[in-house]
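Since the structure comes first, as C-alpha cells, the remarks are kept for the end.
The values are calculated or read from the model by the stated rules, or taken from the named source; none is laboratory data. This one's a predicted model, so the numbers in the text were calculated from it and none came from an experiment. Glycine gets a Cβ as well: all are built from the backbone with ideal geometry, and neighbour counts include every protein chain shown.
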Amino acid sequence: MDNIIINHPDGSKTPLISKGNVSVVTKAEQTISLLADDVVKISVQSATALQFVLGDTIDVYGKTYTLNQLPTIKKTGERRFNYDLNFEGLQYELLDAQFLLPDNTVGDSFTGNLANENNNGFLQLLVSNANRIFPGKWQVGEFPADTEYKTLTFSAENCLSVLQRICDEWGQEFEIVQVNGTRVLHIRKAGVNFPYTFKYGLTGGLYELNRQNINSKNVVTRLYVYGSSKNLTNSYLTNRNSSKLCLPDKIKNTSYIQNPESVLNFGLKENTKSFDDIFPNRYGVVSTNGSNYYSFIDETMDFDLNAKDAQGNTLWLIAGVNAKVHFNTGNLAGYEFDIHKYDHSTKTIEVVPFIDENGMKFPSETSAAFQFAPGDKYFFIDINLPDAYIIEAESKLAEAGEEYYLQNSQPQVQYGLTVDENFIKQFAGQMTVVNLFAVGDYIPVQDTDIGVDKSIRITAYNRDLLRPYKYSITLGDSVTKSAYVRQISDQRTIDQIIEINNLADPSKARRNWRASQEVLSMVFDPEGDYYSDKIKPASVETTMLQVGAKSMQFVLQNVIFQPNYQGNPNYIRITGGTLVHYTIEDSIRNWVIAATEFSNLVSNTAYYIYARCQKQGNAGSIILDTTQRKVDYEANYYNFMVGVLNSVQTDDGGANPARIVSLTYGSSTINGRFIKTGRIESSGGSPTYFDLDNGEIGGNIKFISTDGTTKNVSDLDNVAQETKDYLNNILPGIISEIQAQLDGKIEQFFDEYNPTTDNAPANMWTTIQDKENHLGDLFYNTDTGTVWRWIMKIITIPGSPIQSMIYVWKKLQDTELAEALALANEALALAGTKCRIFTATPYTPYDIGDLWAQGATGDLMRCKTARDSGSYTSSDWEKASKYTDDTVANQAKADASTAKAITNNFTSVSGGLILTTLIKMLVGGVETGGISANLDNILLWGGGTYAQALNNLTKIILRHDGSGQFANGNVVWNSSGNLTIQGTLNGTDGEFNGKVSLANGKILLNKDGSGQLANGNVTWDVNGNVTLNNITGNNINVNSGTFKGLINANSGISMGVKIVTSNTLVTSGDSFILVRGANGPTITLPLFPNSGQMITIKNISTEYATIKGNGNPIYAEIFLQQQITLPAGRSYQLIYSNSTYGWSLIGKYDS
C-alpha cells in the first residue's frame, strides 16, 4: 500500500505517511487466521502528536478494520512519538452484542436449525442481535439448507462466541464479506483451490516450504464406523450382530472403511468413529390440528404405526417402550410427548399431555402459543422404522465415515510457506495489487518423505502491507478455533457425558457426598427378602458381608448415561446396548436395551433408574420413576434396579446446577481377607478408580518405593517394556540359530553335571532313530553355566577309507547363548526340568511354555494350552515374537541343509553319472558356488556362499522354481517371467513385442503405440494426440487452439491460454485470452462462472475487441455495464464475484 489512511468518525482523514506531520509507518502487518484472528497491526513514528479515537477505521484491500482499543504511545524525544495501533476486523463487532433469546422464549434454551427461509434459525437470531447494536449493518448471506434442528442453551454469551459455537454444532465455517458497508455473514466452507503445486524440498528459489509439524500418531487406515442405536429393529440388530447402525451390507466386525494405499504407506492402524446423530429417522410435518388439543394430523405419514406381522407382533412399536414424538419447530419445539394413539385411516396422532415443574400443561388446552400448528416439524423416537429409512441412514453414515477417513488416513501436517514476491507477481500480474491468497484456500502440497500428496488449507497468513506481495503462510490439516484476544471465557462444563461418575475437585466431592446421602435415603428391598430397611449399629462383626440383591446381578454393555445433556440438568440421554443377567433365571438371559431420552425432569426430584425387560422376549428399555418397583412389579416384565438419578445439585453459591447418576447394580462380598466387587473409586473427588470387571485402572496412580522415591505408571511401564523387548526380541534372536537348524523339535535339559553318552538323558536314547530325533537338543549345566549340543559327527577310522557316524555332546562356546539359557532356566524352574522347541508343526505331547519357531515366516509361537495326546490344534498356540532379520536364520538354515546332506550319507558315482544332494565349490578353502538338489529352492549359485544365496547376496542365482538373478542382483526375474534390470540396456538392432515400462512407469511404451514420458506429464494416445502438463521455453508460438495447463515463459505465468481471431465464448477452463487478427472479435464471458474465477484478456490485434458479460454485469470504473470495449494493444484482468455483482475489472495495463 502506498499509504494508510485513517478514517475518523467525524469524516476527517489522517494519512499515516505524511510530510506535514513528518510521520512514517515502520511496520504494517495484516494477520488473518481461519475462524480466529483478523487484525492489522501498525507501528507509526511521528515528529508531531497524532490524534486517534475509538472507531477510527482503515481500508485494507477491500476490508474495513476498526480501532477498538486506544493505541499505546511512547515518547522517545522532544519531537519523536511512537504509536502501536491494533485494528480489528468486522467479526469483532459481534463481541459488543449479547446473544439474547426472543422475548417469548421460556428459559435459556432455543430450538431451531442453523438457518432457514422463515428467518427463525440460529443464524438469523444472531444477525438480529448484531443489528440491535449496529442497525442495518449485518445481514444473512449463504447458508446450508435443511440442517438438523437442535436445542442449545445459552447463558450470558456474546454473538461472536455463539457464532463459533453454532459453527461447531453443525460442522461449518463462517465468512464475513463487506458489500457497500454491509457485513454479509456466510456460513460455508471458505476457500478455493490454488492452481499450483508446492513441493517440499524443491524450492527453486521461488518459494520455501518448511515442514513445521507432523502428527502421524492418530493416522487411521482402517476405520470402524457406527451410527446411533436409535430406531433400529431387533431383527436388524440381530442380523448385524451389533447394537448400533452399521455401514451398508456390513455386520459389526466388518463395518469399516479401509484404503489399500494408506495401509501400504502407514501399516494397519485401527480406530472407531461413532456418529450418534445418524440413525433411521422420519421427519414429519403437521398438516392440520386434530379434533382435540393433544392431537394432530400428518397427511405425509407413509406407514401404519400399528402394523403387525403374521404372528401378531407389532412391526414398528417396541413392546414395553413408549413411542414418542419430538418437535423441532413451532411453539412446542424441543418438547417430547409419549404417543397415546395413532389412527392410520385419518393419519391422526394423539399424544399424552404433561405438566411441568411450573404447573404449565403441554400442549395447552387454552393457549395457542403452546399448541400444535400446521407446518410444525417433528420426528419419532423409540420406534422401529421401515427398511427404506434404515437404508437412507446407512448411506448417510457411509458418507460421514468416508469424509472422516479422508481427513485422518494421512499424517496431520503443518507447513510454513514463504513465497518470493516476484513469484506472486507473476500470478497477480503487474497492473494492481490483488488478494491472491485467502484463508481457507487449498494449496496442493507434495511431501514424498512422509507420503503426503494432497491439498492443504491455508489456516493463517501474515501479510506485510508495506510490501503487499510478501506473504508468510501457514498450511495445516486442522483448524484450531483460538480464543479471541479480547474475549474472556468463564464457562464451565459439568459432566456432559458420564459413563460412571468421576468427580475430581472438592466441590464435586461434596456434591458426590450429597448424592450418596440421597441414594441412601432411597434404598429399599427390591425382592422383599430382608428384615429391615437399614442397619445402623456402631459396628458390625460377622463372618461374611454381601451387598447387592439377586435381581441386581447383571451388567450393562455399551449403555452410557448422559445426564445434564446439552447443559440442561433436566435432560438425560441414554444410549442403547445390552443387559446380561446372571442370576434371575437358571440360564444367563440377554436383553437388547433401546436408546431413549428424558426431558422436562423436575429439578428437586430424584428418580429411580430401572431396566424394564420382557420376561418372555428379549427387548428392554431404561425407565425413570419416583416409585419403588420390586423386580416382580409387573406380571410380564422384570424391573431391574440400575441406580438413582439424583436431584439437581449446585455449588455452595447455587451455581452450576447438575445431576449425578449413582449406579447401584452388581454386588460386593467381604469374606475374611477377600473383597469381591466390580469397581472401586474415591468418594473424595479423585479421578482414581479400579475397574475390576474390565481389568482397568485409571487416574493418577503413584508407587512409593522402599527408598521413598515416587514412580508413576509410565516409569514402571518403561521397565516392563525393556523386559518385554528383551524376551520378545533379543532372546528369540539369540536362540534362532538353533531353532532353525532341524526339521523336528529341539528339547532343552537343565541339570548340575556335564552330559555324556553314559548319563541322562543320552543313555536313554538307545536306537539310531532316538539319537536322530534329538539332534540339536541342548543341555545346560546349572552349576558351571556351560551349554552342550547333541550332534552327529563323521569320523574316519585311522588307516582305513571307511567313515563312520557317531552321536556326541558338543560343548558350545557362545557365552550369549549360555546367558539366554540361564534366563530360560530360571523361567522354567517352576515348570519342570525341560522345555520343547518345535521347528516344524508341533505334535503331542506339548506343554504350556513350549516354543514353535516357524522359520521363514518369522513368527515365534508359544504354547498356551497343554495337550498330552491327539492331534495338533492351532488354538493351543499364540504368537510370542516376530523376527526382524533373516540373516542369522538363513545362515543356520544353510548349515542345517549342509548337515542334512551329510546325514543322508548318499553319493553315487557310476561312470559319468554322479548322484548326490549338495555340491559346494571351493577356491583356496573359500566357498564360491555350488549346486543344490532343491533343499531350499536353490539350484545353482556363484560368487558367494550358500547362506548368502539364501539372502540373495551372490552374483548368480538359479532357483528350482525358475526365478533367479545375474550381475550381482542387477538383473532379476521371478517365477512368472517378470524381469527387472537396474542399469543401462544397450541394443543395436532387434525387435520387442509388448509393453515397455522403465523407472517404475515414468517412461511407458504401450503395445498399441500410446505411451508417456516424464512420469506421465507428457502422454500421447494411439492417434498421436499429445498432452503436455507443463511447457517451458523462451518462445512459444501458437497459431490457434487451446492450451490446458500451465505455460511457463519469460513473460510470466498464465493458465488455460486460448488464442482467438473471431467471436468466441469463453469457458470455465480458460484463464488467458489472446486476441489477434484484424476483425475486432466479441469475447463472451462464461454463462455460469465460478466465484473467484479470474480471466485476463490481451488484445494484440489492430481493432477494438468487445467483452460481453453474458447476463452477468461488468463493474468497470464506477458503473455496472453489460459489455465493455478493449482497445488494441491493451490488457484487462477481470474477477467474478457472484450473480449480483458479476465481474469486476481489477486491472488495466499496456501489452
Residues (touching a helix residue (DSSP H, G or I) at 6+ places or on another chain (Cβ under 6 Å) and either crowded, with 18+ Cβ neighbours inside 10 Å or without any contact (Cβ under 8 Å) to a residue 24 or more places away in the chain (or both)) located in region 936-971: ILE938, TRP941, TYR946, ALA947, LEU950, THR954, LYS955, ILE957
So which residues in region 2-50 are assigned to a loop (DSSP other than H, G, I, E, B) and crowded, with 17+ Cβ neighbours inside 10 Å, if there are any at all? ILE4, LEU16, ASN21, LEU34, LEU35, ALA36, ASP37, LEU50
If we keep only residues of region 1082-1100 that are polar (S, T, N, Q) and buried (at least 20 other Cβ atoms within 10 Å of the Cβ), then the residue nearest to PHE437 (Cα to Cα) is THR1096
Of everything in region 1098-1122, what is outside any loop (DSSP other than H, G, I, E, B), of a type outside the set (Val, Ile, Thr) and either touching a helix residue (DSSP H, G or I) at 6+ places or on another chain (Cβ under 9 Å) or under 17 Å from SER1062 (Cβ atoms) (or both)? Give them in sequence order. LYS1098, ASN1099, ALA1105, LYS1108
Across region 869-885, the tally of residues that are modelled with pLDDT under 85 and outside any loop (DSSP other than H, G, I, E, B) stands at 4
Of the conditions (1) within 30 Å of VAL592 (Cβ to Cβ); (2) modelled with pLDDT under 70, the single one that GLY666 does not satisfy is (2)
Note: among VAL177, VAL140, just one is touching a residue at least 40 places away in the same chain (Cβ under 8 Å) and either outside the structural domain of ASN568 (by TED's automatic domain parsing) or closer than 18 Å to ILE32 by Cα (or both), namely VAL140
Hey, which of the strands (runs of 3 or more DSSP E) in region 573-663, taking only ones fully inside, have at least 1 residues that are small (Gly, Ala, Ser) and farther than 29 Å from VAL325 by Cβ? 661-663
Are there strands (runs of 3 or more DSSP E) fully within region 933-1023 with at least 2 residues that are among the basic types (Lys, Arg) and under 30 Å from LEU915 (Cβ atoms)? List them. none
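Looking only at residues in region 1069-1081 that are outside any loop (DSSP other than H, G, I, E, B) and free of Cβ contacts under 8 Å to residues at least 40 places away in the same chain, which one is surrounded by the most Cβ atoms within 10 Å (Cβ to Cβ)?
Checking each candidate, the answer is ILE1073.
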Only one of MET764, MET792 is surrounded by 14 or more Cβ atoms within 10 Å (Cβ to Cβ), at pLDDT 70 or above and over 46 Å from the mean Cα position of the chain (by Cα); which? MET792
Need pairs with beta-carbon distance below 8 Å; first residue within 11 Å of LEU100 (Cα to Cα) and within region 147-168, second assigned to a strand (DSSP E or B); sequence gap 6+ or separate chains. PHE154/SER109; PHE154/PHE110; ALA156/GLN98; GLU157/GLN98; ASN158/GLN98; CYS159/GLN98
When you look at LEU114, is it under 29 Å from the mean Cα position of the chain (by Cα), of a type in the set (A, V, I, L, M, F, W, C) and assigned to a strand (DSSP E or B), yes or no? no
Region 326-342 residues that are in contact (Cβ under 8 Å) with a residue 40 or more places away in the chain, paired with ones that are basic (Lys, Arg) and in a strand (DSSP E or B) (beta carbon under 6 Å, 6 or more apart): ASN328/LYS377; THR329/LYS377; GLU336/LYS324
Quick check on THR432: is it among the hydroxyl-bearing types (Ser, Thr, Tyr) and modelled with pLDDT under 80? yes
Tell me whether region 364-377 contains one or more residues that are touching a residue at least 12 places away in the same chain (Cβ under 8 Å), touching an Asp or Glu at 6+ places or on another chain (Cβ under 8 Å) and either within 22 Å of LEU152 (Cα to Cα) or not in a helix (DSSP H, G or I) (or both). no
Regarding region 381-396, can at least one residue be identified that is closer than 24 Å to VAL602 by Cβ and within 42 Å of the chain's Cα centre (by Cα)? yes
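One line per residue, one yes/no per condition, for (1) under 26 Å from THR153 (Cα atoms); (2) in contact with a helix residue (DSSP H, G or I) (Cβ under 8 Å, 6 or more places away or on another chain):
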site: ALA611; (1), (2): no, no
site: ALA619; (1), (2): no, yes
site: ILE622; (1), (2): yes, no
site: GLU634; (1), (2): no, no
site: ASN639; (1), (2): no, no
site: VAL642; (1), (2): no, no
site: LEU645; (1), (2): yes, no
site: GLY653; (1), (2): yes, no
site: PRO657; (1), (2): yes, no
Considering residues that are in a strand (DSSP E or B) and in contact with a helix residue (DSSP H, G or I) (Cβ under 9 Å, 6 or more places away or on another chain), the number found within region 56-85 is 4
Condition first: hydrophobic (A, V, I, L, M, F, W, C) and crowded, with 18+ Cβ neighbours inside 10 Å. Now tell me which residues in region 1054-1068 satisfy that. MET1055, VAL1057, ILE1059, VAL1060, VAL1066
The lone exception for PRO248 - which of (1) within 26 Å of the chain's Cα centre (by Cα); (2) at pLDDT 90 or above; (3) surrounded by 17 or more Cβ atoms within 10 Å (Cβ to Cβ) it fails: (3)
Inspect region 221-229 for any residue being free of Cβ contacts under 8 Å to residues at least 24 places away in the same chain and farther than 30 Å from GLY375 by Cα and give the result as yes or no. no
Candidates VAL1018, VAL1057, VAL996, VAL972, filtered to the one that is modelled with pLDDT of 70 or more and closer than 30 Å to GLY1129 by Cβ: VAL1057
The lone condition ASP103 fails out of (1) loosely packed, with under 12 Cβ neighbours inside 10 Å; (2) out of contact with any Asp or Glu (no Cβ under 8 Å at 6 or more places or on another chain); (3) not assigned by TED's automatic domain parsing to the domain that holds LEU125 is (3)
